[in-house]
Structure formats: C-alpha cells, structure tokens
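Step one of this worksheet: look at the structure below.
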Amino acid sequence: MRRPCDMSKLEKVLAFPRDTERSPLPSCMSTHCCASADYVREWQMPTPMPEYSPTVLHVITGLANAGAENFLLRLIKATSSLLGRQPVVRLRTVDDLDAAYGAAGVDVIALGLDRLAEAPAAITRLAHIIEECRPRMVFGWMYHGSLAASLAARQVASVSRPQVTWNIRHGLQVGAAQSLTRRLAIRALPFMAGPPDVLTFNSARAAEAHGRLGYRARVTQVIPNGVDVHNFKPDAAAASRLSALFRERAPYFAGQGPIIGHVARVDPLKDHATAIKVFRHIAEARPDARFMFIGAGTDRAEFCQRLLLAGIRERTAVLGERRDIQALMPGLDLLLLTSRSEAFPNVLAEAMSCGVACVSTDAGEAEAILGDVGMLAKLGDARNLGAHVLALLAEPSDQAAARREAARCRAVRLLSFDHAVDRFVQIVIGAGVRPA
C-alpha cells in the first residue's frame, strides 16, 4: 500500500510556509514565483493534496492559455472518475490557466523555473515531490516537461520510481522556422534523458519524424487531440452574430459576401504572411469577400499595418485572442489554415465539427483530418490555397450543404475527444499502471 504524502516534507520541498508568516525565499525561487505559487497553494492545493497518492502526476512547462494546456485540463476532467485526481506540476511561472485548473479541482504545484540556472534545484524539488506523492506514472508534456520528468524520476529510489511517459506535440516540419533553443531541446531530449517507458505523440507524422531523431521507448502510441463535438457544433444563428461582429470591427466595408476565417496566434510557424497573400488574391476575384483573423497578436498595430500594406485592411476584422471560438466558428463560411508546421491542427477538427468547409496546407495530420471533405495545398502555396478557397465558395448551395454535413459527420465519427480519452486511459492502464 502506498503511503500518502507527508505535508511537512512536501512544504519543505516547495518552500511554502504552513502559517501566515513567510519563510525566507530560497535563492532558486524568485519573489514572483513564490507569489504565484502561494496563489496556487491557497486556491488549488487544498489540504486534501497530501492525503492521496495519484495515479498520474503531470509535468508541464507552464499553464499558458494554449492548445496543450487546455487539452490537458480537458483530459484530466474526463478521466478523473476512473484514474482519480491527477495533480499538475508546472515548471515556469506562466499561470494563465491556474484558475481554470483550480475551478476543476486540479491541484497545481508551481516550481518557478524561469532561468536555466534554477534548473538543478527545480529538478531536485520535483524529485522530492515524486518521492512524497508516490505517483504510479509521471506524464511529461512537451520537450521541457518530458525532460524534467525523466531527470527527476532518475533521482527517485528504485523502489518508488514511477513509470515515465513523454507526450510530444510538435510536427518538426520546418526546423529553420524554430528558435535555436527549441531545436536544441528537440535534439538533446532523447540523449539527455534516456528513453521513457512510454512515448506518446498527437500525430503519426510527428511520431515518424521524431523516430528518425532517436526518440525510442518500450511503448510508442499516438493520442490524437480530438474535438469536443458537443461544444463545437453547427449553429444557425452564428452567421448573423458573426456578421454583426464583423460590422463592428470593420465598419467601412459594405460588402456582404462570405466570411473566410483564419484562426491562429501570430507566429512564424502559422505563416500569416501566406494567409494575407491568399486573402489578397481572393479579394481580387471576390470583391464582396470578408476576412477575419482570430488569435493572439492579430489585433496588434504591426499586424494591422501588414493588412493595410496588402490592401485588405478595410475588409478584414481582427479579433485578437478569444475565449469563445466555439460560438464564432459556426458562423464562418470557410476556414483557412496556412501553417508551415503542425502536429495535429485542432482548428481543422473544430471547424469541421461546426460544419465549416476547410482549406489547409499539408501540415501535420491535416490530410488525415480533412479526408475528402476539405482541400489541401503545399506549404506556402498561396496561389493554390486561394484557388481552392474560390472553388469552394463557387460550389452550388446543395453541394456546399452536403460538404458541411459531411465535415460534421467525419468529425463526430473520427475526431471526437472521446477517442483521445479512451486512448489515454488504455495507455495508462496498458503500461501496468492501475488506478488508485
């Protein structure tokens, strides 16, 4: 029988005082980190935390409002009834989703690792957390979370050492477009940390690409992201809402044509430059067409200047980062994805689940997601992307309706989040890890 965490030992590891008087900050932790960690301690680490030994302990770089972090929260909520409570250790002080995790009853432990010099102390603290909590599996998310999970597990006595799983969520299609630190982390991980017990990817293409770089494990599996088909669904009223929002954000454009959307944060890998070229080409052929950019950074002045120089600013609504994508997506007439590198492009699955036609670059699992209900072009091929968009916009209404229905059916049948949940549970239990 596994013993529960010892609260006094755990607090020494995390440097959290038990009473209201603060203890001196350890040199490896910044004041900001401890302030953030105190928030997590107060709101997301209630006293029951030390009283259970989790089946799975997750380790992730931070809790930014991004794809992997939101996917992890959904996964924990969906599997808690079977696998029990699954605490999350975040390495950095990025805490955008701390409140969301806390509201879901997920315990979050913050290590405050924001500088490389702090890494050895943070890994040691993580090792102590593993020793005290005795999880059956440590699940590392992405490169840095996986590295930390493996290095910390190595320091744990063999009698209580958990199985280690890596979850890699990167496509590796355009190495030159990635930062130097990211490229180094990708190359170094399998050699610095050694093979994990289980290696998971969110796309088959990513698994193949990483295999060529030396990523190996006793068990390798694919856990596709999946989409919440009950949340992302067709909505007849969405088109009028989106048109009203467009008029609010682009009041000087009189056209009432189709709205083509691009949903992605501003990042070189998302290739907004190609999207702008595509929209400019469409505007020449369809003077009534309307465009919409959604994603962090799209509402910044420098991005709007790029639209102005391309001659499409007047007909383009920029919404920035949104938390209501599921309410906006069904109102689009078409979704365009121009990414140069993806693993599993969630936005395609979400759009299809809403019954929206899609045109995409051949990034990651885009072809497998779209099947025959969408259209593909090569990376950076603005001309063919534009031609595909115009072809779909020109479809007769009955054919367009059939395509929308087929997209929805494909999403429900093949891309549902329920499939990802089943695969995750199978991996945990199949690796010999039994629920607490």
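The values are calculated or read from the model by the stated rules, or taken from the named source; none is laboratory data. Nothing here was measured: the structure is a model prediction, and the numbers come from that model. Every residue, glycine among them, receives a Cβ derived from its backbone with ideal geometry; neighbour counts consider all protein chains shown.
Checking the conditions here, which among A351, A406, A363, A400 is assigned to a helix (DSSP H, G or I), more than 22 Å from S243 (Cβ to Cβ), of a type outside the set (F, W, Y) and not assigned by TED's automatic domain parsing to the domain that holds A206?
Numbers: A351 fails: more than 22 Å from S243 (Cβ to Cβ); A363 fails: assigned to a helix (DSSP H, G or I); A400 fails: more than 22 Å from S243 (Cβ to Cβ).
The unique qualifying residue is A406.
Yes or no, residue by residue, for (1) modelled with pLDDT under 75; (2) within 20 Å of the chain's Cα centre (by Cα):
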residue	(1), (2)
R22	yes, no
S36	yes, no
T55	no, no
H58	no, yes
G62	no, yes
A66	no, yes
F71	no, yes
G84	no, no
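Residues checked against (1) surrounded by 22 or more Cβ atoms within 10 Å (Cβ to Cβ); (2) at pLDDT 95 or above; (3) under 21 Å from the mean Cα position of the chain (by Cα):
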residue	(1), (2), (3)
L308	no, yes, no
V318	no, yes, no
D324	no, no, yes
R340	no, no, yes
L348	yes, yes, yes
C354	yes, yes, yes
L385	yes, yes, no
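Condition test on R161, is it of a type outside the set (A, V, I, L, M), surrounded by fewer than 18 Cβ atoms within 10 Å (Cβ to Cβ) and under 25 Å from L269 (Cβ atoms)?
Details: of a type outside the set (A, V, I, L, M): yes; surrounded by fewer than 18 Cβ atoms within 10 Å (Cβ to Cβ): yes; under 25 Å from L269 (Cβ atoms): no.
The answer is no for R161.
So which of L307, L319 ends up being closer than 21 Å to F232 by Cβ and in the same structural domain as A400 (by TED's automatic domain parsing)? Please lay out each step first, then the result.
Values: L307 fails: closer than 21 Å to F232 by Cβ.
L319 is the lone residue from the list that is closer than 21 Å to F232 by Cβ and in the same structural domain as A400 (by TED's automatic domain parsing).
Of the conditions (1) under 21 Å from R218 (Cα atoms); (2) in contact (Cβ under 8 Å) with a residue 60 or more places away in the chain; (3) not hydroxyl-bearing (S, T, Y), R125 satisfies every one except a single condition; which number is it?
(1)
Among the residues of region 334-345, is there at least one that is outside any loop (DSSP other than H, G, I, E, B) and among the polar types (S, T, N, Q)?
Here is the first cut: in region 334-345, the ones outside any loop (DSSP other than H, G, I, E, B) are 334-337.
With the extra rule that they be among the polar types (S, T, N, Q), the set shrinks to none.
There is no residue in region 334-345 that is outside any loop (DSSP other than H, G, I, E, B) and among the polar types (S, T, N, Q).
List the pairs whose first member sits in region 229-241 and is at pLDDT 95 or above, whose second member is in a loop (DSSP other than H, G, I, E, B) and not hydrophobic (A, V, I, L, M, F, W, C), and whose Cβ atoms are under 6 Å apart, counting only residues at least 6 apart or on separate chains?
Close Cβ pairs satisfying both conditions: P234/G355.
Given the residues S416, S341, S397, S353, which is the only one that is hydroxyl-bearing (S, T, Y) and closer than 23 Å to A289 by Cα? Full working, then the answer.
Numbers: S416 fails: closer than 23 Å to A289 by Cα; S341 fails: closer than 23 Å to A289 by Cα; S353 fails: closer than 23 Å to A289 by Cα.
Criteria check complete, one pass: S397.
Do we have E132 as more than 30 Å from P345 (Cβ to Cβ), in contact with a Pro (Cβ under 8 Å, 6 or more places away or on another chain) and at pLDDT below 90 here? Before the answer, list the steps.
On the way: more than 30 Å from P345 (Cβ to Cβ): yes; in contact with a Pro (Cβ under 8 Å, 6 or more places away or on another chain): yes; at pLDDT below 90: yes.
Spelling it out, E132 is indeed more than 30 Å from P345 (Cβ to Cβ), in contact with a Pro (Cβ under 8 Å, 6 or more places away or on another chain) and at pLDDT below 90.
Assess whether I282 counts as being of a type in the set (V, I, T) and farther than 30 Å from A193 by Cα. Before you say what the answer is, go through the steps one by one.
Values: of a type in the set (V, I, T): yes; farther than 30 Å from A193 by Cα: yes.
The answer is yes for I282.
Could you please find all residues in region 97-118 being modelled with pLDDT under 85 and surrounded by fewer than 19 Cβ atoms within 10 Å (Cβ to Cβ)?
D114, R115, L116, A117
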